[in-house]
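The values are calculated or read from the model by the stated rules, or taken from the named source; none is laboratory data. Quick caveat: nothing in here was measured; it's all calculated off a predicted structure. When we count neighbours, we look across all protein chains shown, and the Cβ atoms used for this are built from the backbone with ideal geometry, even at glycine. Keep in mind that these areas ignore ligands, DNA and RNA; they rest on the heavy atoms of the full protein, side chains included. Shrake-Rupley method; radii C 1.70, N 1.55, O 1.52, S 1.80 Å.
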Amino acid sequence: YEFLINRLPQSQRTTFVKFEATRYPPLFYYLSAIPYRFASPLGLIDRVFVTRLFSVLVGVITVWLAYLIGRLLFPRHLDAITLALLVSFQPMASFLFSSVTSDNLMNLFFTLFLYLCVKVIASRRLTSPLFIGFVLTIIAGLFTKPHFIIIFPILLVLPLFLFKHLLAYLKRRKL
């Protein structure tokens, strides 16, 4: 079929892409196009496979972030590994990590957002690098999928954790 697709005029080959694939923000498509272009001398099936490998890499990074969250939450190393394994072997995650979809990148940015939240709560302060991390993660998430707006209610609750620790600190200072 690749031969038949290549015989179509360029205008017909890009119409579908322009009107269907771009309904979501472009970040996933730009990032997944990088390995696709490196594989451009290969056949269509090989290029799609290389793009799937990009999704697998995104999945591996997501599992690694789950492990880091586990290290922050649990004192035992085994508990953090267990959390990462639960994420990696969750059936829907396994399915998504092996397919070409912007959901993978959104899940990565959402996991990064959760990691930053746990880091702020654990350290009881919002440092400049964490703030920059939040801003970049939110921007990247919104440029990946509009569903990323789900983080805003969490973002509104996060200051309550910091405020609680600030009040406790102020009470200790008065005593």
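The table that follows gives values for the structure above.
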| quantity | calculated |
| --- | --- |
| Residue within the stretch 34-41 that is open to solvent by 80 Å² or more (accessible area, probe 1.4 Å), at pLDDT 90 or above and within 22 Å of the chain's Cα centre (by Cα) present | yes |
| Only one of Leu72, Leu86 that is part of a helix (DSSP H, G or I), over 21 Å from Tyr30 (Cβ atoms) and open to solvent by 80 Å² or more (accessible area, probe 1.4 Å) | Leu86 |
| Single match in Ser102, Ser123, Ser98, Ser128 (criterion: open to solvent by 30 Å² or more (accessible area, probe 1.4 Å) and under 26 Å from Ala33 (Cβ atoms)) | Ser98 |
| Any hit, the stretch 69-84, residues being within 20 Å of Thr144 (Cα to Cα) and among the β-branched types (Val, Ile, Thr) | no |
| The one condition in (1) modelled with pLDDT of 90 or more; (2) open to solvent by less than 40 Å² (accessible area, probe 1.4 Å) that Arg47 fails to fulfil | (1) |
